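Undergrad: Mind having a look at this structure? Questions to follow.
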Amino acid sequence: MTRLFGRDRICAVVAAPTAVTMLRGLRRALRKSSTVELRLDWLKSKGELRRLLSHLRVNRKKFAVIATLRLKGSGGRYTGDVNDQLAELKKAVSAGCRWCDLEVESAERADPSALNLLSKAGARVMVSFHDFRRTPGDLDRLVRRLDRCGGDAIKIAAESSTLRDCVRLLRAAKRRGNIVAVTMGETGLPGRVLALKEGSALAYAATGETTAPGQLDLAAMRVIYRADRLDRHTRVYGVIGDPIAHSLSPLIHNAAFAARKVNAVLVPFLVRDLRDFLVSRDSLGLAGFAVTLPHKRAIIRHLKDCDPLAERIGAVNTVVVRGDSRLYGYNTDYVGVLRALERHVQLAGSRVLILGAGGAARAAAFALAEAGALVSITARRESRASSLAREVGGEAIARRRMKKEFFDAIINATPVGMHSGDGTPLRTDELNCRVVMDMIYRPMDTPLLKLGRRRGIETVSGVEMFLAQGIAQWEIWMGERAPAEIMRRVVLATLRREHN
């Protein structure tokens, strides 16, 4: 059943406004995948659709091209009625398309004889259901509804509001070989990567403009996640946070897995509700996960045990799932801070200011205090700054004092500067130091670092810390030395491309 759609189970999606650009996109896509979906409803007019179908020629034996002409009322862009839709799909089949994707609403309204015409013309029919707001509660009932339409395969594409939604949809696909499961939205992104592993007959990836929420491009699916090579033996890791789209953890860890030929994958999880993630993790077979904002402290109460250093810090960024399915926590931010900063500052006896009092700030404070630095803390909530300062034997600095103080180094451990328009966590007259380091690594050149350079201050990118903590994470999970140079090369290449 895994060959239901042909050799390639990642379907490259082509969507374009004109016949010329659609045909050009199809040619490019067929060089990358033998399974392609043509989103005919994205053509800007019925005239462009006629032009495309008059020039379309596909070798049906060699390629599995899926013709999709979704009606506007079912989440597509085609303005015709069901009869028009079926007539145009029949032309696409005559041009060599092996499959037609027909939404359940059309299949239920259409005359059965019209559907038979598609089959007689040589097409196989995938009956599809789409919900861009939620995942239906009773998926078994929905599957029965789709089955009654008599197609060769069924597809359920639904917005995943929670990770539990994602798991439920993948579980439905696992029971049979002819169900395509598409978990939409950023919360559903792990399901797109793991779909084939979990039993979906097909997974979708963009070759240009994305056609559904959370859709990844073909290069990401194939190269970063190796989604078509995952199997039931693949170890699954994750990185959890909110936001999470910016994270480069999947890039470095998956590059390391590929380099060492480890059958494993790391996927990003947008986690707003930590309990939702923890309830769902066993269903996806997670072997471990990285933790980022805002869960580094909250995760501790869900652990079976914690590394003594992480327990002292009171923040965890690395979790291992042991054989008994219990969670064990570590903190590698500690290592990252030291390795990034000690090349630029003699830490023993230096005066270092940390901006923030969250999980990352706590790791930095304990690391620097252990290294002999005089640690100062300033935070939006002065009570939290004072509390952390007392724990590491440092001092809390009120924001109003900043322009009168001088430090050997200042470290930004807040998310300010991560998003466009954020600005900097400090004003120009408050940035008084020899070295400024930003824990944010994407963008590589943050507003704070730019401000530091304008003032003649030495700058340290968060990339150095990110790499050091990520390498330590990988070694905890794998129990062997990480391919550090490969991890460094892939992240720097990505960040430089973005910067340029």
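Undergrad: Of these, G417, G423, G349, which one is assigned to a loop (DSSP other than H, G, I, E, B), crowded, with 17+ Cβ neighbours inside 10 Å and on the phi > 0 side of the Ramachandran plot? Step through it out loud before you land on a result.
TA: Numbers: G423 fails: crowded, with 17+ Cβ neighbours inside 10 Å; G349 fails: crowded, with 17+ Cβ neighbours inside 10 Å.
Just one listed residue meets the conditions, G417.
Undergrad: Can you name the residue in region 446-500 that is under 21 Å from the mean Cα position of the chain (by Cα) and among the basic types (K, R) and is also farthest from Q346 (Cα to Cα) among such residues?
TA: Among those residues, the one meeting the criterion is R497.
Undergrad: All but one of (1) touching a His at 6+ places or on another chain (Cβ under 7 Å); (2) free of Cβ contacts under 8 Å to residues at least 60 places away in the same chain hold for V271, so report the exception by its number.
TA: (2)
Undergrad: A further question on this structure: Is it the case that some residue within region 93-111 is more than 26 Å from W42 (Cβ to Cβ) and without any contact (Cβ under 8 Å) to a residue 40 or more places away in the chain?
TA: Scanning region 93-111, I find at least one residue that is more than 26 Å from W42 (Cβ to Cβ) and without any contact (Cβ under 8 Å) to a residue 40 or more places away in the chain, so the answer is yes.
Undergrad: Moving on to the next point. Quick one: count up the residues across region 352-381 that are crowded, with 21+ Cβ neighbours inside 10 Å and farther than 19 Å from P425 by Cβ.
TA: 3
Undergrad: Answer with yes or no whether V20 is surrounded by 14 or more Cβ atoms within 10 Å (Cβ to Cβ) and either touching a residue at least 40 places away in the same chain (Cβ under 8 Å) or over 27 Å from V223 (Cα atoms) (or both).
TA: Taking the combined requirement at face value, the residue does not satisfy it.
Undergrad: Oh, and also: Condition test on A264, is it at pLDDT 95 or above and among the aliphatic types (A, V, I, L, M)?
TA: yes
Undergrad: I'd like to verify a number: residues in region 34-54 that are touching a Cys at 6+ places or on another chain (Cβ under 9 Å) and farther than 12 Å from R70 by Cβ, how many?
TA: Looking only at region 34-54, we keep the residues that are touching a Cys at 6+ places or on another chain (Cβ under 9 Å), and these are 35-38.
The next check asks that each one be farther than 12 Å from R70 by Cβ; those that pass are 35-36.
Going through region 34-54 one residue at a time, the tally reaches 2.
Undergrad: For region 265-276, which positions are surrounded by 23 or more Cβ atoms within 10 Å (Cβ to Cβ) and assigned to a strand (DSSP E or B)?
TA: V265, L266, V267, P268, F269 - these are the residues of region 265-276 that are surrounded by 23 or more Cβ atoms within 10 Å (Cβ to Cβ) and assigned to a strand (DSSP E or B).
Here is a yes/no grid of residues against (1) surrounded by fewer than 23 Cβ atoms within 10 Å (Cβ to Cβ); (2) among the aromatic types (F, W, Y); (3) touching a residue at least 12 places away in the same chain (Cβ under 8 Å):
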site	(1), (2), (3)
K120	yes, no, no
R124	yes, no, yes
H130	yes, no, yes
L163	no, no, yes
R171	yes, no, yes
R175	yes, no, yes
R192	no, no, yes
L196	yes, no, yes
S200	no, no, yes
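Undergrad: Could you look through region 211-253, keep only residues that are part of a loop (DSSP other than H, G, I, E, B), in contact (Cβ under 8 Å) with a residue 40 or more places away in the chain and polar (S, T, N, Q), and pick out the one that is nearest to V14 (Cα to Cα)?
TA: It comes out as T211.
Undergrad: Only residues that are under 21 Å from L56 (Cβ atoms) and part of a loop (DSSP other than H, G, I, E, B): list them for region 89-122, please.
TA: Those that are under 21 Å from L56 (Cβ atoms) and part of a loop (DSSP other than H, G, I, E, B): A95, G96, C97, R98, A121, G122.
Undergrad: Hey, can you tell me all the residues within region 427-442 that are modelled with pLDDT under 95 and under 15 Å from I377 (Cβ atoms)?
TA: Correct list: empty.
Undergrad: Does any residue of region 382-389 turn out to be under 32 Å from the mean Cα position of the chain (by Cα), buried (at least 21 other Cβ atoms within 10 Å of the Cβ) and of a type in the set (G, A, S)?
TA: No; the residues of region 382-389 include none that is under 32 Å from the mean Cα position of the chain (by Cα), buried (at least 21 other Cβ atoms within 10 Å of the Cβ) and of a type in the set (G, A, S).
Undergrad: Could you count how many residues in region 465-488 are of a type outside the set (A, V, I, L, M, F, W, C), part of a helix (DSSP H, G or I), touching a residue at least 12 places away in the same chain (Cβ under 8 Å) and surrounded by fewer than 20 Cβ atoms within 10 Å (Cβ to Cβ)?
TA: Total meeting the criteria: 1.
Undergrad: Filter region 305-346 down to residues that are in a strand (DSSP E or B) and hydroxyl-bearing (S, T, Y) and give me whichever is surrounded by the fewest Cβ atoms within 10 Å (Cβ to Cβ).
TA: Y328
Undergrad: Among the residues of region 91-105 satisfying the criterion of being among the small types (G, A, S) and surrounded by fewer than 24 Cβ atoms within 10 Å (Cβ to Cβ), which is nearest to the chain's Cα centre (by Cα)?
TA: The selected residue is G96.
Undergrad: May I ask you to list pairs of residues, at least six apart or on different chains, whose Cβ atoms are under 9 Å apart, with the first in region 418-432 being in contact (Cβ under 8 Å) with a residue 24 or more places away in the chain and the second being of a type in the set (S, T, Y)?
TA: Going by the 9 Å Cβ cut-off, the qualifying pairs are M418/T446; D422/T446; T424/T446; P425/T414; L431/T424.
Undergrad: In region 355-377, which residue that is assigned to a strand (DSSP E or B) and over 32 Å from the mean Cα position of the chain (by Cα) is farthest from N317 (Cα to Cα)? Let's see the steps before the verdict.
TA: Filtering region 355-377 for residues assigned to a strand (DSSP E or B) gives 355, 374-377.
So of that shortlist, the ones also over 32 Å from the mean Cα position of the chain (by Cα) come out as 374-377.
Working: L374: 24, V375: 22, S376: 23, I377: 21 Å.
Result: L374.
The values are calculated or read from the model by the stated rules, or taken from the named source; none is laboratory data. Just so you know, these numbers come straight off a predicted model, no measurement behind them. Counting neighbours? That spans all protein chains shown, and the Cβs are built from the backbone with ideal geometry, glycine included.
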